[in-house]
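Here the structure comes first, spelled out in structure tokens, and everything after it is commentary.
Computed from the coordinates by the stated procedures, all read-outs in this text should not be read as laboratory data. Since we're looking at a predicted model, the values are computed, not measured. Neighbour counts run over all protein chains shown; Cβ positions are idealised from the backbone, glycine included.
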Amino acid sequence: PIVISKDFDAQLIEIVQQYRQRTEQFKEKVIDPYASSPECSPPVSEYKSIQLMINDNYHVSTFSSSFFLCFSPDRKYIAWLSLVTIAFNYNLWFIPVRMAFPYHDPEAVPLWFTLDIIADIIYVIDIIVFQPRLQFCKGGDIIVRKKEQTLFCLCFLLKSEAFFEFSDRLEGIMTKAYIWRVIRTIGYLMFILHLNACLYYVASEYQGIGKTKWVYSGQGSAYLRCYYFAVRTLINIGGLPEPHTVFEITFQLANFFVGVFVFSSLIGQMRDVIGAATASQTYFRASMDACVEYMVSNHIPRLVQTRVRTWYNYTWDSQGMLDESELLEQMPLVMRTAIAVDINLATFQKIDLFKGCDNQMLVDMLLRLKSIVYLPGDFVCKKGDIGKEMYIIKAGEVQVIGGPDNKIVFVTLKAGCVFGEISLLQSSANGGNRRTANVAAHGFANLFVLDKKDLNDILIHYPESQKVLARKGRKLMKAKGKTAPVKDEGEKKKGLAMFGQKPPTPKMLRAFGGFGKGGLLEKLRVCDDLMSGIMVQTHICNLVCVWQWI
């Protein structure tokens, strides 16, 4: 007798199922190289997780739960930083002036006192309200460190960090950041001249006002005269009075050395700022000049050269770049996905062919789109061409045209419309993926293009969506076949045009079976052949009988 254990059978069934699942996972890994490994990752130990939570007594907050999050360049926080920067510059510029020049008259004291109080109030508000709530990034996490923070820190009182933070954040939100960089560099230059003017007045007081020709004479505005001297000294213009004493010579030599070093650095920085601002324009000009030189060397017609130049100029004026993909490739996948979803996801969801498909598949399709600019009159696709792309109109208009010389406009498609999507699912058998109409750009048109190869690469990872697209593609093709347009009489006939087309079978003959195989005429022909055979056999028999009788 055969003894069967139920527990043993259950274990065998479970082992077989596990092997099948493992085989399916490895098959998916072969098809999709980006699939995760079937091996399970080891779990994190409880001790390590606790240590990560209590390390350094840091309070880690997520982006969704942080209320006072000032890590991103928020415009309100930048507006507050601008006030702190103004107060910082007030102290930075006027403290040396008030220390060097005799501007503490009884009439000016109330003004200085009021300005000092305003600057101090801004400092106190920033120290008490804003600085304790600032967060910083450490290891990719937003960290709040309230326990280890000192309220009255020296860096808070100086506010130099606020100025540089304001500068960096302002550059981050400006479309033309080089303007602020130029202004900031000019400010550095003027501040150095300002300090030199204050030092020159202090040196003149030390030597004695008007005692020699080199010192300040004491006539006119003291600050303006000293600032004029600082400009001529640091820029090395020349024409200054000769210093006589050792102190004057030493001071003047120090001015010359500082002027050479500082101004050469500032001029180099200014050159870098202007060069960075015009780098993209220089790249555009170099690309266009190289293309024009290539066309001239190959004797390209003048009309084609003009259209190429027009394309370069329009693409640069409308986009500020020649290829958007170069810019997007530098971004991480999350940023590229956010940009693509914001631009075209709503349009993709409206396409009948893609309704019911996986949203993640639509997102992957958005990442494969390429931007192309067409000039007025350019054919996007022609009738009879192989259909390999689907088009989405980003800007401009395209027209479906036909008739003699393509003068008839059947329909005009505007921004947001889609065409050519059926060609992505048609096979090349029997010319099924041929274009059925002429589409040309009406004016300048910017289109997004999805290639058939990219779609096939995406559908490998979404088999259910592939089935949905195949089913919808067949339905659309059937509907398209019922409403197929009648061919023009001017089109050339296929085959031997000398003999024309075969005329249809008459209705009477079709009623009796027609001329085809198995029809009435075929049966009559078979009967006729049988009767002929019987008559021949009868005649032979008669001849045999006569021969025997003779």
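Close amide H partners of G443, meaning residues 5 or more places away or on another chain with modelled amide H under 5 Å apart, are G377. Legend: calculated FRET efficiency, K382 to Y283, from the Cβ-Cβ distance at R0 = 30 Å, rounded to 0.05, equals 0.35.
What separates the Cα centres of the range 348-375 and the range 292-316 is a distance of 32 Å.
Look at where the Cα atoms of the range 244-285 and of the range 166-239 average out, and the two centres are 14 Å apart. Cross-link pairs exceeding 28 Å in C-alpha to C-alpha distance, out of K382/K414; K394/K478; K350/K382; K407/K467; K350/K452; K76/K394, comprise K394/K478; K407/K467; K76/K394.
Listed values for the range 281-286 are Karplus-derived 3J(HN,Hα) couplings in whole Hz (6.51 cos²θ - 1.76 cosθ + 1.60, θ = phi - 60°), namely 5, 5, 5, 4, 5, 5, and x replaces Gly and Pro.
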